[in-house]
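For reference, the structure is listed below as structure tokens.
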Amino acid sequence: MPQTPIKVLLVEDDLMLCDMYQMKFTSEGFDVWKGNNGVEGLKLLQEKGTPDIILLDVIMPQMDGFTMLAKVKENAAWKNVPVILLTNLGQDNDVKKGIAMGANDYLVKANFTPAQVVEKVKALLQSIKS
């Protein structure tokens, strides 16, 4: 019986990065939903249902990642979905804010290749299951 692919909601306003992550996740068998800002991300959640994990950029137009994270965490259907903030904001106070708001992890994009991000996602999902 084939396994259902892991559904990843990727919310990232840098289209080149977004495509790069999508290619890497898709090649690893993930089902990727892409939004370019928090407004699109929330719309995808409403239209497609609950993903297995959300990868969320912080600095985006229309609605930033912290605002979207807050909206995800206050929605009963989505509040338990693991969220990894994927951003270039590496300041301690941003990391602490994201974790305090309920993010499961905080990755500074410059420090991780797409392959390493995929590994982080797999490890987080594995740790939640067990």
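Cα gyration tensor of the chain, axes a ≥ b ≥ c as square roots of the eigenvalues: rounded (a/c below 1.5), prolate (a/b > b/c) or oblate? Each step should come with its number before you reach the end.
Working: a/c = 1.28, a/b = 1.17, b/c = 1.10.
The shape class here is rounded.
Between L15 and N75, what's the calculated FRET efficiency when r is the beta-carbon distance and R0 is 25 Å? Round to 0.05.
Values: r = 27 Å, r/R0 = 1.07.
Taking R0 as 25 Å, the efficiency between L15 and N75 is 0.40.
By how many nm would the segment from I59 to A123 grow when fully extended, if each residue of separation counts as 0.36 nm and the alpha-carbon distance is taken off? Numbers along the way, then the final one.
Numbers: separation 64, 0.36 × 64 = 23.04 nm, distance 2.51 nm.
Extra length from I59 to A123 when fully extended: 20.5 nm.
Suppose every K and R has +1 on its Cβ and every D and E has -1 on its Cβ; what is the size of the dipole of the chain about the Cα centre, in Debye to the nearest 20?
Values: 14 positive and 16 negative charges, 80 e Å.
My answer is approximately 380 debye.
Leaving out ligands and nucleic acids, and using a 1.4 Å probe, what accessible area per residue does the chain come to in Å²? Present the calculation step by step, with values, prior to reporting the outcome.
Details: 6930 Å² over 130 residues.
Per residue, the chain has an accessible area of 53 Å².
Between N88 and M23, what is the label-point separation in nm under the 7 Å Cα-to-beta-carbon projection?
Result for the modelled spin labels: 2.0 nm.
Lysine pairs in the chain with alpha-carbon atoms under 12 Å apart, 8 or more places apart or on different chains: how many are there?
Details: K7/K34; K7/K48; K7/K122; K34/K43; K34/K48; K43/K71; K71/K79.
Here the count comes out as 7.
In the chain, what percent of the accessible surface is made up of carbon and sulfur (1.4 Å probe, ligands and nucleic acids excluded)? Can you show the working numbers first?
Numbers: 3640 of 6930 Å².
Answer for the chain is 53 percent, counting heavy atoms of protein chains only.
Please list, ordered by chain and number, the residues whose modelled amide H lies under 5 Å from the amide H of L107; skip anything fewer than 5 residues away on the same chain.
Residues meeting the criterion, in which the H sits 1.01 Å from N, are L85, L86, T87.
In whole Hz, with x marking every Gly and Pro, tabulate ³J(HN,Hα) for the range 87-96 from phi via Karplus 6.51 cos²θ - 1.76 cosθ + 1.60, θ = phi - 60°.
8, 9, 7, x, 5, 3, 5, 5, 4, 4
The values are calculated or read from the model by the stated rules, or taken from the named source; none is laboratory data. Everything quoted here is computed from the prediction, not taken from an experiment. No Cβ is skipped: glycine too gets one built from the backbone with ideal geometry, and neighbour counts run over all protein chains shown. Keep in mind that these areas ignore ligands, DNA and RNA; they rest on the heavy atoms of the full protein, side chains included. Shrake-Rupley method; radii C 1.70, N 1.55, O 1.52, S 1.80 Å.
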